Amino acid sequence: MQKNKTVVVFFGGDSYEREVSVITGVFCANLLKERYRVIPVYLNEDNGFSTSDRFFSLSAFGKEIEGKRVSFAFGEMFVFGKSFKRGEKIYAALNCCHGGAGEDGSLSGYCALCGIPFASPPVPSSAIFMDKVYTKYLALSLGIPTLKFFVARREEDIPNLSFPVVCKPARLGSSIGIQRVENQGEWEQKISSALAFDDKVLVEEYLLNKREATCAAYRKGDEIVVSPAVESFAGEEIYSFAEKYDPAQKRERTEISGAVGERIRDCTRTLYAQTDCTGLVRADFFIAGEEVYFNEMNTVPGSLGYGLFTERLTEQREILCDLVEQARLLPQRQKAQFMADILNKKEYSGSTSCKF
C-alpha cells in the first residue's frame, strides 16, 4: 500500500467522448485506490477542474455534477472553497480523457508546466496521433503501410480516389462523424456532414472484405510491452460507436497469430518507440488477406486497454501501477543544462537582433 502517494486521475473534458471518458476514469480510479491515495478530477465542458469523493461512482455524473474546484501548480493540487486550502503534493497523474484537450497533448503540457509527473503519452506523440492526417504521414515515413487517402477541407474538394470512400473527421474518435460515400452523387452531402464535426476530413479508400485488428503497448522500465494482436468484429461496414461501447453489441475478440499478428505487433512497437511515447496506447489496423494497413493510434484507449493485456482486474491494476511508477522515472532523464548568463552582463550586442 502506498497511501502516502497521491495520484490524480483526470477524466471528462470538452469532447464528444466525455461520457465514455467518465467510465474509463472511474474504472481506473477505483483500481488505483487499492494502492495509492487517489483523487478523481473531472474536467467539465470548459475544461475546468473539480473533485469530489463521490466521483468514485458513476452515479455522481448525472445532469448536475457537483464538486470542489481545484487547480494545479508547483507539483501540487490546490482546492478552492470557503477558504483556499494549501496544496497537496502530487505523485503522478493518469489521463483518462478521450479526445479534445485531454488527448491532444494540452493536458500533458499543462501537467508538465505544473511539474506533475504524467503517466500518459507526452505532448508530441499526443498531438500527432490526435490528427489522423498527421498520423498517416508519420506511419508512411516509418515504412508502415496505410490505405490510400485524401485530405478534404471544403465541400468542393473532390477526392482523387475511386468510390466507395470513407470520410473521417481528422481529430475525432470513437467513429463519431465517420461515413461511407458510395458514389459521386453522395459526396457533397456526406462530406458536408463530416465537415460539421471538423474543418479537416481524412478521406480514405474503402477496403472490401477487410478485417479490423487492434494492439496495445506501454513502457515498463526500458522495455516496451506489446499486447497480442486481436481481431475486432464489426457487424457494420464501419466499426460504429455503438459496437464499441454498447454492452449489447459486445462480441468476443480473437487473437491473431502467425505472420500477420507479428507484423501488427512490430508496427505497434515501432510507432510507440519512434515517437518516444509513454503511457499506454492502442493501435488499430486493417487486414486484407496477408496485407496489414495501419489505421490510427489511440493515446487514451477506452478503459486504458483493459482486455488487451489481461481480463483480470488484479493484473490490470498492476499495469496501471506500472504506468504511475514509470512516470516517476521520466524526470530523472535530464540532460546537462546551459546558462549563457547574458542578463548579468552590462553590455550586449547581437548581430541579428537587438543591441544595447
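Structural remarks
- Residue within the stretch 141-155 that is of a type in the set (Gly, Ala, Ser) and farther than 30 Å from ASP276 by Cα present: no
- The test for being outside the structural domain of GLY75 (by TED's automatic domain parsing), of a type in the set (S, T, N, Q) and over 17 Å from the mean Cα position of the chain (by Cα) does not hold for GLN274.
- Residue list for the stretch 201-227, filter: assigned to a loop (DSSP other than H, G, I, E, B) and buried (at least 16 other Cβ atoms within 10 Å of the Cβ): TYR206, LEU207, LYS210, SER227
- Any hit, the stretch 320-330, residues being buried (at least 19 other Cβ atoms within 10 Å of the Cβ), touching a strand residue (DSSP E or B) at 6+ places or on another chain (Cβ under 8 Å) and not in a helix (DSSP H, G or I): no
- Residue among THR270, THR275 that is modelled with pLDDT of 95 or more, closer than 24 Å to LEU94 by Cβ and surrounded by 15 or more Cβ atoms within 10 Å (Cβ to Cβ): THR275
- Of all the numbered requirements in (1) touching a helix residue (DSSP H, G or I) at 6+ places or on another chain (Cβ under 7 Å); (2) more than 22 Å from GLY99 (Cβ to Cβ); (3) in contact (Cβ under 8 Å) with a residue 40 or more places away in the chain, CYS215 misses one, and that requirement is (2).
- In the stretch 305-318, the residues that are outside the structural domain of ALA213 (by TED's automatic domain parsing) and more than 19 Å from THR214 (Cα to Cα) form Cβ pairs under 6 Å with partners that are in a helix (DSSP H, G or I) and of a type in the set (A, V, I, L, M), at six or more places apart or across chains, as follows: ARG317/LEU31.
- Options THR310, THR299; residue that is surrounded by fewer than 19 Cβ atoms within 10 Å (Cβ to Cβ) and either closer than 27 Å to ALA92 by Cα or modelled with pLDDT under 95 (or both): THR310
- Within the stretch 131-168, tally of residues that are crowded, with 18+ Cβ neighbours inside 10 Å, of a type in the set (A, V, I, L, M, F, W, C) and either at pLDDT below 95 or not in a helix (DSSP H, G or I) (or both): 7
- Test: residue in the stretch 179-198 that is under 22 Å from GLY105 (Cβ atoms), of a type outside the set (Val, Ile, Thr) and part of a loop (DSSP other than H, G, I, E, B): yes
- Only one of VAL22, VAL9, VAL38 that is buried (at least 19 other Cβ atoms within 10 Å of the Cβ), under 30 Å from PHE197 (Cα atoms) and free of Cβ contacts under 8 Å to residues at least 40 places away in the same chain: VAL22
- 2 or more residues more than 25 Å from ARG282 (Cβ to Cβ): qualifying helices (runs of 4 or more DSSP H) within the stretch 1-118: 106-114
- Any chance THR268 is assigned to a loop (DSSP other than H, G, I, E, B) and touching a residue at least 12 places away in the same chain (Cβ under 8 Å): no
- The residue list ALA73, ALA92 contains one member that is within 21 Å of TYR306 (Cβ to Cβ) and either aliphatic (A, V, I, L, M) or without any contact (Cβ under 8 Å) to a residue 24 or more places away in the chain (or both), which is ALA92.
- Residue within the stretch 56-65 that is in contact (Cβ under 8 Å) with a residue 24 or more places away in the chain and more than 30 Å from GLU311 (Cβ to Cβ) present: no
- Number of positions in the stretch 117-130 that are in contact with a strand residue (DSSP E or B) (Cβ under 7 Å, 6 or more places away or on another chain), aliphatic (A, V, I, L, M) and surrounded by fewer than 24 Cβ atoms within 10 Å (Cβ to Cβ): 0
- Taken over the stretch 182-212, the residue count meeting the criterion of being within 15 Å of PHE149 (Cα to Cα), free of Cβ contacts under 8 Å to residues at least 60 places away in the same chain and of a type in the set (Lys, Arg) is 0.
The values are calculated or read from the model by the stated rules, or taken from the named source; none is laboratory data. These numbers were taken from a predicted model, which means no experiment stands behind them. All Cβ positions, glycine included, derive from the backbone under ideal geometry; neighbour counts span all protein chains shown.
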